[in-house]
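Engineer: Encoded as C-alpha cells, here's the structure I'll be asking about.
The values are calculated or read from the model by the stated rules, or taken from the named source; none is laboratory data. This is a predicted model, so every value here is computed, not measured. Ideal geometry is used to build each Cβ from the backbone, glycine not excepted, and the neighbour counts take in all protein chains shown.
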Amino acid sequence: MNGGEIIAHLLLRHDVKYLFTLCGGHISPIFVAAERIGIKVVDTRHEVNAVFAADAVSRLTNTPGVAAVTAGPGVTNTITAVKNAYLAQSPLILLGGAAATILKGRGSLQDIDQLSIMKSVCKWSATIKHVKDIIPTIEEAFYRAQEGVPGPVFVECPIDILYDEKMVREWYGVKSKDNPSRNLKDRFLQWYVNRHANKLFSGKPANIPNNYQCKPFSFPLHQQSDIKKTISLINKSKKPVLIIGSGAMMQSSKALQLAQAVKSLGIPAYLSGMARGLLGKENNIQMRHRRKEAIKKSDLIILAGVPNDFRMDYGNHIGGRKFISINRCKKDLLKNKRPTLPIHADPMDFLIDLGNQYHTDCADWISTLLELNNQREAEIEKQALEAYPQGINPLALFKQLDEDLDEDVILIADGGDFVATASYILRPRSPLSWLDPGVYGTLGVGAGFALGAQLVYPEKQVYIIYGDGSSGYSLMEYDTFRRFNLPVISIIGNDACWSQIARDQVEFLKSDCAMNLAHSDYQMVGQAFGGDGIRVHDMANWQEAFSLAMKSHKMGIPFIINAIIGKSDFRKGSISI
C-alpha cells in the first residue's frame with residue numbers, strides 16, 4: 001500500500017462516505033485510492049466549497065466530514081471555511097498536500113509554511129514526516145476533531161509520503177549498487193538522498209492491522225447534582241425561558257431525542273442557528289419573535305449551547321437576571337457574564353436528561369409570550385401585503401414560499417438582509433433542517449453546504465436562500481451539482497445591492513460607494529452548466545417559477561429562481577458589530 005491508500009483505508013474505517021476535493025498532483029493518491037475502495041469522491045470548483053461541504057456533512061452526521069486539497073494555494077483557499085468551522089465548533093478533517101519532505105524550504109512548487117498558517121484557524125494541525133506516521137497521525141486527527149469541543153483539524157501530507165516507494169526513489173534519483181556514482185560529491189549526495197528515502201519508508205505498514213480500533217473521544221458530562229440544581233432554580237421561577245443554539249446540536253443522532261425532551265420539559269423555547277427546526281414547523285412552546293422582550297420579562301434564562309456574545313448583546317440582554325448556562329466550551333460558558341449556575345457539559349445530553357426527569361407547567365407564561373409572538377406575526381403579515389413599486393416584496397415572497405415548502409426540506413442560509421428576513425418567516429420543518437454559517441457570519445457557504453446536505457439526504461429537497469451578493473461566491477458549483485445529479489434549488493433575492501451594509505452606510509456615511517450590483521441574470525449560470533432557472537419579477541409569476549423548480553427537482557436537475565425584489569426597510573437598524 002502506498003501512503004494515499006493507507007489514508008483512504010483509514011477514512012473508510014472511520015465510516016467516511018464522501019471525500020471532497022479539488023484535484024492536484026500533490027494529493028492524487030488519496031482520492032484515487034478513496035474512489036477505488038468505495039468512498040464517493042466529489043470534486044468541487046473551489047477548495048473553499050470542498051471544506052464547506054465537509055462541514056455540512058459533519059453537522060448532519062456523527063462522522064467528521066473530510067476534504068483533501070493540493071499544496072500552497074489549495075490549502076490557503078480553504079482558510080475562511082476552516083475558520084468558519086472552528087467558530088461553529090464543527091468537526092472536520094482537512095488533508096493538505098505539501099512539497100516533498102526532502103525539498104521543504106528549497107523553493108519547490110507551492111511550498112510554503114502551511115502549518116504556521118493553519119494552526120491559527122483550526123483546532124489542531126500536524127505534518128506527516130514518515131509513511132509509518134500516517135496511521136497514528138490520521139487517528140489523532142479524528143480524535144482531536146471530536147474530543148471535547150469539536151473543531152476542524154489540518155493534516156499536511158507531503159507528496160513523497162503518498163506515492164509508491166519505487167516511484168519516489170526514482171524521483172529522488174537514488175542509484176542502485178550496480179550503478180554507483182563515480183565522484184565523491186555525487187556519492188555523498190546519493191548517500192544523503194538514499195538515507196532520507198530509507199528513513200521515509202522505514203517501518204511502512206503493509207496494511208491496516210485487522211485489530212485496528214478507532215481512538216475513542218470524549219466530552220464533558222453533567223452530573224445529577226447539576227440536574228437537581230437546575231430543577232430547584234426552575235421551581236423557584238415563574239417565567240423561565242430556554243434558548244437553544246448550535247452548541248446543543250453536536251450529536252446529530254440524538255436530535256429527535258432532544259426535541260422530545262424539550263417538548264416534555266414545557267419551558268417556552270427560542271431556537272437559533274442549527275437548533276432551528278428542532279421543534280418542527282410549529283409548536284406551542286416555540287417562540288419565534290420578540291426574544292429580547294421575553295428575556296426582559298423572564299425571571300430565569302437557560303442558555304443551552306449559547307454564549308453571551310454579540311447575539312446576546314454580550315450578556316446585556318440578560319442583565320441582572322438569574323441564568324443557567326450549559327456549554328461544552330468552558331470559555332463560552334463564562335463569556336462576558338458569569339452564570340448563576342454554570343454547567344460545563346454537553347447541552348444536548350443535559351437537556352435530554354432534564355426533560356426525561358422533569359416537567360413544568362408554564363401555561364400562563366406561554367400565553368403571555370404567544371401574545372408577543374402573535375403581535376409580531378401580525379406586523380409581518382401587514383408588511384407582507386405592502387406593494388413595492390419595483391420588484392417583489394421579500395416578505396410576501398417568503399410567506400408564500402413557507403406555504404409552498406414540503407415537509408422534507410433542508411434550508412441553507414447564505415446571505416445578509418434577504419436571508420435574515422427569511423429567518424423571521426420561514427419555518428424549518430424538522431431537526432437539522434436549517435444550516436447557516438454560525439457566529440462567523442461567513443458569506444459563501446451556500447453551495448458547499450448544499451452539496452454536503454444533498455449528498456447526505458438525497459431524498460430531501462435542499463434549498464439555498466441566497467442574497468444576490470453572496471450568490472457570487474459559489475454559483476460556479478452548479479457545475480458540481482449537475483455533474484453529480486444533485487437537484488439543489490436556489491432562490492436568489494436580487495435587489496442589485498449589498499443591502500444589509502448599504503442601509504446603514506448610506507444613512508451614516510451618506511454614500512453608496514461599493515454597495516451597488518446589477519439585476520443580473522443569475523439563472524443563466526445554472527443553465528450554462530446544464531441546470532435550469534427562471535427570472536421572476538412579481539408574485540403573479542411566482543407559482544409558475546416554483547412549479548418549474550419542482551419539476552426540475554424530480555428530474556434531478558438543479559434550478560435557480562432569480563427573484564427581483566424591491567429594497568426593504570424591514571430590518572432597518574439591525575446591524576451587529
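Engineer: Being not in a loop (DSSP other than H, G, I, E, B) and not hydrophobic (A, V, I, L, M, F, W, C) is the filter here, so list the residues in the range 488-501 that pass it. Break it down into steps so the answer makes sense when it comes.
Structural biologist: Here is the first cut: in the range 488-501, the ones not in a loop (DSSP other than H, G, I, E, B) are 489-494, 497, 499-501.
S490, G493, N494, S499, Q500, listed by residue number.
Engineer: Hey, does the range 427-434 have a residue that's at pLDDT below 95 and not hydroxyl-bearing (S, T, Y)? Give the steps one after another, and end with the answer.
Structural biologist: From the range 427-434, those at pLDDT below 95 are none; that's our starting set.
No, the range 427-434 has no match at all.
Engineer: Let me ask something else about it. Determine, yes or no, whether A54 is assigned by TED's automatic domain parsing to the domain that holds W171, buried (at least 22 other Cβ atoms within 10 Å of the Cβ) and touching an Asp or Glu at 6+ places or on another chain (Cβ under 8 Å).
Structural biologist: no
Engineer: Tell me yes or no: at least one residue of the range 298-315 is at negative phi, of a type outside the set (A, V, I, L, M, F, W, C), over 24 Å from the mean Cα position of the chain (by Cα) and at pLDDT below 95. Even if it seems obvious, please write down each step before you answer.
Structural biologist: As a first pass, look at the range 298-315 and keep what is at negative phi: 298-304, 306-312.
Next, from what is left, pick out any that are of a type outside the set (A, V, I, L, M, F, W, C): 298-299, 307-309, 311.
Right, trim to over 24 Å from the mean Cα position of the chain (by Cα) and you get 298-299.
After this cut, where a residue has to be at pLDDT below 95 as well, the list is none.
No - not one qualifying residue is present in the range 298-315.
Engineer: Then there is this: Every residue in the range 208-233 that is at pLDDT below 90 and either in contact with a helix residue (DSSP H, G or I) (Cβ under 8 Å, 6 or more places away or on another chain) or among the acidic types (D, E) (or both), please.
Structural biologist: Residues of the range 208-233 that are at pLDDT below 90, as a first pass: 208-215.
Those that are at pLDDT below 90 and either in contact with a helix residue (DSSP H, G or I) (Cβ under 8 Å, 6 or more places away or on another chain) or among the acidic types (D, E) (or both): I208, Y212, C214, K215.
Engineer: Can you name the residue in the range 277-323 that is among the hydrophobic types (A, V, I, L, M, F, W, C) and farther than 29 Å from R429 by Cβ and, of all such residues, is surrounded by the most Cβ atoms within 10 Å (Cβ to Cβ)? Break it down into steps so the answer makes sense when it comes.
Structural biologist: We begin by selecting, within the range 277-323, every residue among the hydrophobic types (A, V, I, L, M, F, W, C); these are 278-279, 285, 287, 294-295, 300-304, 306, 310, 312, 318, 323.
So of that shortlist, the ones also farther than 29 Å from R429 by Cβ come out as 300, 318, 323.
Values: L300: 21, I318: 24, F323: 27.
Per the stated criteria, the residue is F323.
Engineer: Of all the residues that make up the range 198-234, how many are touching a residue at least 40 places away in the same chain (Cβ under 8 Å) and in a helix (DSSP H, G or I)?
Structural biologist: 10
Engineer: Any residue at all in the range 186-193 that is at pLDDT 90 or above and surrounded by fewer than 19 Cβ atoms within 10 Å (Cβ to Cβ)? Show your work before the answer.
Structural biologist: Taking the range 186-193 as the starting set, the residues that turn out to be at pLDDT 90 or above are none.
The answer is no, given that none of the residues of the range 186-193 is at pLDDT 90 or above and surrounded by fewer than 19 Cβ atoms within 10 Å (Cβ to Cβ).
Engineer: Before we move on, is I564 at pLDDT 95 or above, among the aliphatic types (A, V, I, L, M) and within 17 Å of Y388 (Cβ to Cβ)? Walk me through it before giving the result.
Structural biologist: Numbers: at pLDDT 95 or above: yes; among the aliphatic types (A, V, I, L, M): yes; within 17 Å of Y388 (Cβ to Cβ): yes.
The answer is yes for I564.
Yes/no per residue for (1) in contact with a helix residue (DSSP H, G or I) (Cβ under 9 Å, 6 or more places away or on another chain); (2) of a type outside the set (S, T, Y); (3) part of a loop (DSSP other than H, G, I, E, B); (4) exposed (fewer than 15 other Cβ atoms within 10 Å of the Cβ):
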| position | (1), (2), (3), (4) |
| --- | --- |
| V462 | yes, yes, no, no |
| Y473 | yes, no, yes, no |
| L486 | yes, yes, yes, no |
| D512 | yes, yes, yes, yes |
| W542 | yes, yes, no, no |
| I561 | yes, yes, no, no |
| F570 | yes, yes, yes, no |
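Engineer: So which pairs qualify, if the first residue must be in the range 247-265 and in the same structural domain as N283 (by TED's automatic domain parsing) and over 19 Å from I234 (Cα atoms), the second must be outside any helix (DSSP H, G or I) and hydroxyl-bearing (S, T, Y), the Cβ gap must be under 6 Å, and the two must be at least 6 apart or on different chains?
Structural biologist: Pairs found: S252/T61.
Engineer: Kindly list, by first and then second residue, each pair from a residue in the range 543-556 that is in contact (Cβ under 8 Å) with a residue 12 or more places away in the chain and under 17 Å from I465 (Cβ atoms) to a residue that is surrounded by fewer than 18 Cβ atoms within 10 Å (Cβ to Cβ) and of a type in the set (D, E), limited to pairs with Cβ atoms under 6 Å and residues at least 6 apart or on different chains.
Structural biologist: Hits for this filter: F546/D404.
Engineer: With the structure loaded, tell me whether D504 is acidic (D, E), part of a helix (DSSP H, G or I) and either in the same structural domain as D43 (by TED's automatic domain parsing) or farther than 26 Å from P389 by Cβ (or both) or whether it fails that test. Outline the logic, then answer.
Structural biologist: On the way: acidic (D, E): yes; part of a helix (DSSP H, G or I): yes; either in the same structural domain as D43 (by TED's automatic domain parsing) or farther than 26 Å from P389 by Cβ (or both): no.
Here the answer is no, as D504 does not meet what is asked.
Engineer: On to the next question. Output the number of residues of the range 197-232 satisfying the condition of being under 30 Å from R169 (Cβ atoms) and either surrounded by 11 or more Cβ atoms within 10 Å (Cβ to Cβ) or hydrophobic (A, V, I, L, M, F, W, C) (or both). Even if it seems obvious, please write down each step before you answer.
Structural biologist: Initial filter on the range 197-232 (under 30 Å from R169 (Cβ atoms)): 197-210, 212.
Within this subset, residues satisfying the condition of being either surrounded by 11 or more Cβ atoms within 10 Å (Cβ to Cβ) or hydrophobic (A, V, I, L, M, F, W, C) (or both) are 197-201, 204-206, 208, 212.
Summing the residues that are under 30 Å from R169 (Cβ atoms) and either surrounded by 11 or more Cβ atoms within 10 Å (Cβ to Cβ) or hydrophobic (A, V, I, L, M, F, W, C) (or both) in the range 197-232 gives 10.
Engineer: I need a count of the residues in the range 428-440 that are charged (D, E, K, R) and either farther than 24 Å from N562 by Cβ or assigned by TED's automatic domain parsing to the domain that holds R311 (or both). So that I can check it myself, show each step before the final result.
Structural biologist: First, the residues of the range 428-440 that are charged (D, E, K, R): 429, 436.
Next, only the ones that are either farther than 24 Å from N562 by Cβ or assigned by TED's automatic domain parsing to the domain that holds R311 (or both) stay: 429.
Residues flagged as charged (D, E, K, R) and either farther than 24 Å from N562 by Cβ or assigned by TED's automatic domain parsing to the domain that holds R311 (or both) within the range 428-440 amount to 1.
Engineer: Tell me which residues, restricted to the range 437-454, are surrounded by fewer than 24 Cβ atoms within 10 Å (Cβ to Cβ) and under 20 Å from E477 (Cα atoms).
Structural biologist: In the first step, residues of the range 437-454 are kept if they are surrounded by fewer than 24 Cβ atoms within 10 Å (Cβ to Cβ); the result is 438-444.
Hits for the range 437-454 are T442, L443, G444.
Engineer: Given the criteria in contact (Cβ under 8 Å) with a residue 12 or more places away in the chain, assigned to a helix (DSSP H, G or I), assigned by TED's automatic domain parsing to the domain that holds M476 and touching a His at 6+ places or on another chain (Cβ under 9 Å), does G452 qualify? If you could, list the steps in order and put the result at the bottom.
Structural biologist: Numbers: in contact (Cβ under 8 Å) with a residue 12 or more places away in the chain: yes; assigned to a helix (DSSP H, G or I): yes; assigned by TED's automatic domain parsing to the domain that holds M476: yes; touching a His at 6+ places or on another chain (Cβ under 9 Å): no.
Against the criterion (in contact (Cβ under 8 Å) with a residue 12 or more places away in the chain, assigned to a helix (DSSP H, G or I), assigned by TED's automatic domain parsing to the domain that holds M476 and touching a His at 6+ places or on another chain (Cβ under 9 Å)), G452 does not qualify.
Engineer: Kindly indicate which of N485, N541, N494 is at pLDDT 95 or above, assigned by TED's automatic domain parsing to the domain that holds L401 and out of contact with any Ser or Thr (no Cβ under 9 Å at 6 or more places or on another chain).
Structural biologist: On the way: N541 fails: at pLDDT 95 or above; N494 fails: out of contact with any Ser or Thr (no Cβ under 9 Å at 6 or more places or on another chain).
Just a single option satisfies the conditions, and that option is N485.
Engineer: Quick one: how many residues across the range 331-368 are surrounded by fewer than 16 Cβ atoms within 10 Å (Cβ to Cβ) and without any contact (Cβ under 8 Å) to a residue 40 or more places away in the chain?
Structural biologist: 6
Engineer: If the requirement is being part of a strand (DSSP E or B) and either in the same structural domain as G277 (by TED's automatic domain parsing) or surrounded by 15 or more Cβ atoms within 10 Å (Cβ to Cβ) (or both), which of these qualifies: A420, A413?
Structural biologist: Working: A420 fails: part of a strand (DSSP E or B).
Every option except A413 fails the conditions.
Engineer: Could I ask something else about it? For the range 354-364, check the following and say yes or no: at least one residue is out of contact with any Gly (no Cβ under 7 Å at 6 or more places or on another chain), under 30 Å from V409 (Cα atoms) and of a type in the set (S, T, N, Q).
Structural biologist: Yes, the range 354-364 contains at least one residue that is out of contact with any Gly (no Cβ under 7 Å at 6 or more places or on another chain), under 30 Å from V409 (Cα atoms) and of a type in the set (S, T, N, Q).
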